[in-house]
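Enquirer: Here you go, one structure.
The values are calculated or read from the model by the stated rules, or taken from the named source; none is laboratory data. The shown structure was predicted, so the numbers you read here are calculated from the model rather than taken from an experiment. Don't worry about glycine lacking a Cβ; one is built from the backbone with ideal geometry, like all the others, and counts go over all protein chains shown.
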Amino acid sequence: MPNFVLFGAPGAGKGTLAGKIKSFSPVVHISTGDLFRANIKGDTPIGKEAKSFIDSGRLVPDSVVIDMVKDRIAQDDVKQNGFMLDGFPRTLDQSKALSNIASLDVVVVIDIPKEDLKNRILGRYSCPKCGKIYNIYNDELKPKIEGKCDTCTNTELTHRSDDNEETFEKRWNTYLSQSEEVINYYSETAGLVQKIDGRKTMSYTEEELKQILRI
Ligand code: AP5
């Protein structure tokens, strides 16, 4: 079963790309951001601990996120279909912890300049029912009816509380301070890292993505 990581800055397009991959592969999408938001919504102990970190654009402590990912990876659907991690690992310690849990086939690094990211973050809306991601500043990614999901009739789209200008700057700085050592760690294994252009992620065909992911 394929195991891979989608790595990139806030707004690089990890979740959107995962949605595209899900349309042709049963590989399980594990987004640590989504897991935290579900825990916050459910008012669980993990959610209570994570909330202040997320709202202020800081990383949730490694111990919390590593245990959460370990539990998710141990579940049957992942054992059967493999995983695509989105938003994990983000630090060197998380990368090392992941190496002790599972082996990886590919680490996809989505390359994108900062100037493209602000509108992606500020314009992002998503459907709370099906998880589809939209962008109101992009004609191809806009919902057909303003504020509503294209597929879940009458469902109002939501905007994330950390998708504002101030928190974006903090998330970006956090990414800059951690990303190099994560990429360097994976670059030590020849052929593991696959860099892709974040401006082109929407135009990759299924065949091209299968080649990148080696599935
Ligand atoms: P998380 O939810 O992981 O946020 P993030 O990494 O900041 O990434 P995003 O979800 O913002 O962006 P994305 O790359 O998925 O982009 P998307 O596809 O949506 O984490 C949130 C917080 O949780 C963190 O700040 C931290 O506090 C905590 N956390 C999570 N994981 C953690 C960890 N491992 N350790 C510690 N703490 C952790 O796209 C963005 C927008 O762009 C959308 O509107 C989309 O429509 C648009 N778009 C996508 N692709 C394109 C394209 N090719 N062209 C134009 N627009 C596009």
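Enquirer: Considering segment 20-32 alone, what residues qualify as being touching a strand residue (DSSP E or B) at 6+ places or on another chain (Cβ under 7 Å) and within 11 Å of Asp86 (Cα to Cα)?
Expert: Val28, His29, Ile30, Ser31
Enquirer: Given the criterion more than 17 Å from Val106 (Cα to Cα) and modelled with pLDDT of 95 or more, identify the matching residue among Asn119, Asn164.
Expert: Asn164
Enquirer: For Val60, are the conditions met, namely being β-branched (Val, Ile, Thr) and in a loop (DSSP other than H, G, I, E, B)?
Expert: The answer is yes for Val60.
Enquirer: Quick check on Val78: is it away from the ligand (no atom under 11 Å from the Cβ), surrounded by 14 or more Cβ atoms within 10 Å (Cβ to Cβ) and over 17 Å from Lys14 (Cβ atoms)?
Expert: Criteria met by Val78.
Enquirer: Would you mind stating whether Asp86 is within 7 Å of the ligand (Cβ to nearest atom) and acidic (Asp, Glu)?
Expert: So Asp86 fits the description; yes.
Enquirer: Right, another one. When Cys149 is evaluated against the numbered criteria (1) over 17 Å from the mean Cα position of the chain (by Cα); (2) within 12 Å of the ligand (Cβ to nearest atom); (3) crowded, with 19+ Cβ neighbours inside 10 Å, which criterion, by number, is the only one it fails?
Expert: The single condition Cys149 does not satisfy is (2).
Enquirer: Within segment 16-23, is even one residue out of contact with any Gly (no Cβ under 7 Å at 6 or more places or on another chain), within 19 Å of Met202 (Cα to Cα), modelled with pLDDT of 95 or more and β-branched (Val, Ile, Thr)?
Expert: yes
Enquirer: Could you tell me whether any residue of segment 13-31 is over 22 Å from Thr91 (Cβ atoms) and near the ligand (Cβ under 7 Å from one of its atoms)?
Expert: Yes.
Enquirer: Considering only segment 33-55, state which residues are over 20 Å from Asp86 (Cα atoms) and either touching a residue at least 40 places away in the same chain (Cβ under 8 Å) or within 10 Å of the ligand (Cβ to nearest atom) (or both).
Expert: Residue satisfying the conditions is Ser52 alone.
Enquirer: Now for a separate question. Select, from Asp71, Asp139, the only residue that is within 12 Å of the ligand (Cβ to nearest atom), farther than 16 Å from Gly15 by Cβ, acidic (Asp, Glu) and surrounded by fewer than 17 Cβ atoms within 10 Å (Cβ to Cβ).
Expert: It is Asp139.
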